[in-house]
Structures are given as structure tokens and as C-alpha cells.
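Colleague: One structure coming up, written as C-alpha cells, with questions to follow.
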Amino acid sequence: MSTPEILSVAKFWPPYTAQLNETYTVHDRLHQTDPAAFALVAPRIRAIAASGEAIVTRELIAQLPALEMISVFGVGYDGVDVKAAHERGIPVTNTPDVLTDDVADMGMVLLLSIARGVPQAEQYLRAGQWPQGPYKLGRKVTGARLGIVGLGRIGQAIATRAEGFGMRIAYTTRTEKPASGYRYFPSAEALAAEVDFLMVITPGGAGTRKLINANVLKALGPKGFLINVARGSVCDEQAVIEALQNGTIAGAALDVFENEPNVPEVLRALDNVVLTPHMASGTWETRRAMADLAFGNLGAHFAGQPLLTPVPA
Ligand code: A2R
């Protein structure tokens with residue numbers, strides 16, 4: 001029997017690419033690089049291998065009459081038109097849980113980095129400025145107030161870590177989570193007004209687009225810090241830039257951006273930011289686990305077994 005043909009729509013971590021190539025006939029981004037060749041193979045494509053940032057539109061799904069499933073390498077799947085897939089009975093899978101610890105760790109890394117100015121202080125030392133005097137003082141983290149926007153798997157893991165720092169934790173979600181024991185606020189704006197650090201960790205997509213807007217930033221205030229390890233779309237990037245420039249907020253630590261991998265020059269020029277290239281789940285251990293889970297979902301499908309981690313309808 002011939003190996004199933006799949007369409008890869010993202011540039012993957014090379015070991016995952018190798019895994020896919022060993023088992024499947026992979027058409028790597030052919031829909032973008034060679035539409036004529038893609039039109040010839042499209043009727044035979046049985047699965048899509050996507051990443052958390054990849055775009056899988058209704059139009060692409062419609063071009064694939066034999067499509068049976070979509071496997072996303074990542075927990076976020078806001079680039080995939082899940083509704084269009086489900087309408088055709090095509091399941092979508094993602095890689096939840098295996099990256100929770102890394103993203104939560106990175107949330108705390110960013111929080112601590114912006115509070116203490118770690119990259120800036122390191123730059124100060126490297127530039128030979130230390131002999132001129134000590135580096136400027138930072139913001140104490142232990143005991144400070146943390147507001148978490150999105151108390152799901154990762155939000156909860158961040159809260160658990162923050163408890164170790166004696167932080168006072170509050171959160172906002174669409175539905176209250178009384179079992180968490182943390183203080184609930186019905187909106188990001190109400191939460192922002194009551195905290196020193198605002199940590200954003202919701203899914204992306206239409207439901208959270210620009211949830212963190214100018215009003216939320218104003219409520220966070222001139223001593224408040226914003227941290228985003230969710231998706232760039234969740235923050236109004238222009239409003240964040242203006243808030244940083246005007247001192248409306250004290251600083252921001254961002255791992256995600258609206259138009260990755262392009263980060264606005266004005267943002268890169270600011271001193272009161274810590275900026276990382278969407279690397280929250282980027283450890284060897286977690287990439288391996290994500291690859292195994294994304295690959296496992298494809299394998300389960302083609303073996304006629306239940307999918308390991310389907311996303312809900
Ligand atoms: O839907 P709810 O009420 O259970 O709350 C979810 C929350 N959430 C929101 N919170 C406030 N306003 C919204 N419009 C809103 N929409 C969703 O985000 C839930 O507490 C949390 C998502 O949790 P999980 O589904 O467990 O996702 P996980 O694994 O924590 O990952 C979150 C995101 C991914 O989708 C990637 O975009 C990113 O982290 O790496």
C-alpha cells in the first residue's frame with residue numbers, strides 16, 4: 001500500500017520534518033511554492049501537518065476533497081479554520097499539556113526579566129558602563145500582585161510558579177474558576193487596575209483579538225508591567241507601543257507579536273521592554289514531546305485509532 005500523502009503548511013523543527021518524511025509522502029508548502037503542481041496532488045492529500053502559527057483557510061480545506069484530518073504542532077490553533085474543518089467532519093488535533101511547563105516557565109522568565117531589567121543590565125555591563133556606577137534599581141517581584149488573563153492549563157501553571165514567589169494572584173476568564181481559589185475579575189480592565197503585573201495567556205483568534213487595549217493599559221498604570229506569552233493578536237500592539245512611549249505603563253515583556261517574525265522598529269528601539277522571538281515552548285525536551293504528539297495524532301488517525309488530542313468543536 002502506498003504511503004498517505006500529506007500537505008505540510010509550515011516550516012517545522014527539522015527532526016519533526018524528518019519524522020514526517022519517513023512515514024508519509026510530504027508535499028512541503030506546495031500550495032504556496034507551486035500552485036500548478038499542488039493542483040495535481042491536491043485530490044490525493046489526506047492530512048495537513050500545520051504549526052501553531054500556520055494558516056489553514058476554508059479555501060485551502062475546500063481544495064482538498066480527500067482531506068481526513070489536520071494535525072497542529074502547537075497548542076494554539078487560531079490560524080486553522082476549525083469550523084470549516086468540522087463542517088466537513090475533519091478533526092483537528094493540537095499538542096496541549098506537553099508545552100504547559102515551558103510556556104509557564106517563560107512567562108516567569110519574562111516577568112522577572114522586565115521587573116529587574118535583566119537584559120538591560122547585562123547590556124550595561126557588556127558596554128563597560130558598570131565602572132561609572134551601579135545599575136538602576138528594579139521592581140520587587142516577591143509579594144507583588146499578579147493578574148493572569150486566561151486561567152487555563154498554562155495560566156494555572158504560571159499561578160503555581162508565582163505562588164512560589166509569594167505573589168498575590170488574581171485572574172480573568174470568560175467563566176469564573178472558583179476552585180482555583182484566586183480572586184476573579186470579570187474583565188481584563190478591572191483586573192489590570194488591581195495588579196502590578198498583567199500576564200496574558202489566552203488562546204488567540206477572533207474571541208480575544210485586541211483584548212488588551214488602550215483602556216486596559218491605562219488601568220494597569222505607570223507602575224504596571226505587561227507580559228504576553230499568548231498570541232500577538234491578543235494585544236493591540238500599537239496601543240502597547242504608545243503606552244510604553246508615554247509612560248502609561250512601566251514596561252512590557254513580549255514573546256509574541258502581531259506580525260511575526262516582524263517586530264516594529266519603534267518597539268525594538270524602546271528601553272522599557274524585553275522582547276523574545278516566540279520561543280516560550282522552545283526547549284529540546286518540549287519540541288520532542290510536541291513532535292511525538294503531533295506525529296502520534298497522524299499515526300492514530302491512519303491506524304484507525306482514536307485521536308490522542310482532538311480540539312473541541
Ligand atoms: O474559556 P474560559 O473562561 O475557560 O477561559 C479561558 C481563557 N480565555 C479567555 N479569558 C478571557 N477572555 C477571553 N475572551 C478568553 N478566551 C479564552 O483562556 C481559559 O482559562 C484560557 C485558555 O486555557 P486553555 O484552553 O487551557 O489553553 P492553554 O493550554 O492554557 O493555552 C493557552 C494559549 C494557547 O492557545 C496558545 O495560544 C498560547 O497559550 O501558547
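Where a number appears in this text, it was derived from the coordinates with a stated rule and is not lab data. Predicted model, so just to flag it, every value in this text is computed and none were measured. Cβ coordinates were reconstructed from backbone atoms using ideal geometry, including for glycine residues, and neighbour counts include every protein chain displayed.
Colleague: Got a number for residues in the range 144-171 being within 15 Å of the chain's Cα centre (by Cα) and on the phi > 0 side of the Ramachandran plot?
Modeller: Count: 1.
Colleague: Mind listing whichever residues of the range 267-313 are of a type in the set (A, V, I, L, M, F, W, C), assigned to a helix (DSSP H, G or I) and under 15 Å from residue 50 (Cα atoms)?
Modeller: 290, 291, 293, 294, 295, 298
Colleague: Spot the failing condition for residue 81; the list is (1) surrounded by fewer than 18 Cβ atoms within 10 Å (Cβ to Cβ); (2) touching a Lys or Arg at 6+ places or on another chain (Cβ under 6 Å), and only one is missed.
Modeller: (1)
Colleague: Still on this structure: Among the residues of the range 295-310, is any crowded, with 16+ Cβ neighbours inside 10 Å and on the phi > 0 side of the Ramachandran plot?
Modeller: No - not one qualifying residue is present in the range 295-310.
Colleague: Which helices (runs of 4 or more DSSP H) sit wholly inside the range 1-107 and have at least 3 residues that are of a type in the set (Gly, Ala, Ser)?
Modeller: 35-41
Table: residues versus (1) more than 12 Å from the ligand (Cβ to nearest atom); (2) part of a loop (DSSP other than H, G, I, E, B); (3) touching a residue at least 40 places away in the same chain (Cβ under 8 Å).
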residue	(1), (2), (3)
216	no, no, no
219	yes, no, no
227	yes, no, yes
230	no, yes, yes
239	yes, no, no
243	yes, no, no
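Colleague: If you don't mind, another one. So how many residues does the range 247-270 have that are of a type in the set (Gly, Ala, Ser), in contact with a helix residue (DSSP H, G or I) (Cβ under 9 Å, 6 or more places away or on another chain) and either free of Cβ contacts under 8 Å to residues at least 12 places away in the same chain or within 16 Å of the ligand (Cβ to nearest atom) (or both)?
Modeller: Residues in the range 247-270 being of a type in the set (Gly, Ala, Ser), in contact with a helix residue (DSSP H, G or I) (Cβ under 9 Å, 6 or more places away or on another chain) and either free of Cβ contacts under 8 Å to residues at least 12 places away in the same chain or within 16 Å of the ligand (Cβ to nearest atom) (or both): 1 in total.
Colleague: Continuing with this model, one more query. Hey, does the range 63-78 have a residue that's within 15 Å of the ligand (Cβ to nearest atom), of a type in the set (S, T, N, Q), surrounded by 15 or more Cβ atoms within 10 Å (Cβ to Cβ) and closer than 21 Å to residue 301 by Cβ?
Modeller: No; the residues of the range 63-78 include none that is within 15 Å of the ligand (Cβ to nearest atom), of a type in the set (S, T, N, Q), surrounded by 15 or more Cβ atoms within 10 Å (Cβ to Cβ) and closer than 21 Å to residue 301 by Cβ.
Colleague: Which of the residues spanning the range 93-124 are closer than 30 Å to residue 69 by Cβ and within 13 Å of the ligand (Cβ to nearest atom)?
Modeller: Within the range 93-124, 94, 95, 96, 97, 98, 99, 100, 101, 102, 103, 104, 106 meet the criteria.
Colleague: Something else about it: Spot the failing condition for residue 47; the list is (1) within 16 Å of the ligand (Cβ to nearest atom); (2) surrounded by 21 or more Cβ atoms within 10 Å (Cβ to Cβ), and only one is missed.
Modeller: Every listed condition holds for residue 47 apart from (1).
Colleague: What residue, among those in the range 271-291 that are surrounded by 16 or more Cβ atoms within 10 Å (Cβ to Cβ) and farther than 22 Å from residue 203 by Cα, is nearest to the ligand (Cβ to nearest atom)?
Modeller: The qualifying residue nearest to the ligand (Cβ to nearest atom) is 273.
Colleague: Only residues that are buried (at least 18 other Cβ atoms within 10 Å of the Cβ), touching a residue at least 60 places away in the same chain (Cβ under 8 Å) and in contact with a helix residue (DSSP H, G or I) (Cβ under 7 Å, 6 or more places away or on another chain): list them for the range 105-138, please.
Modeller: The answer is 107, 113.
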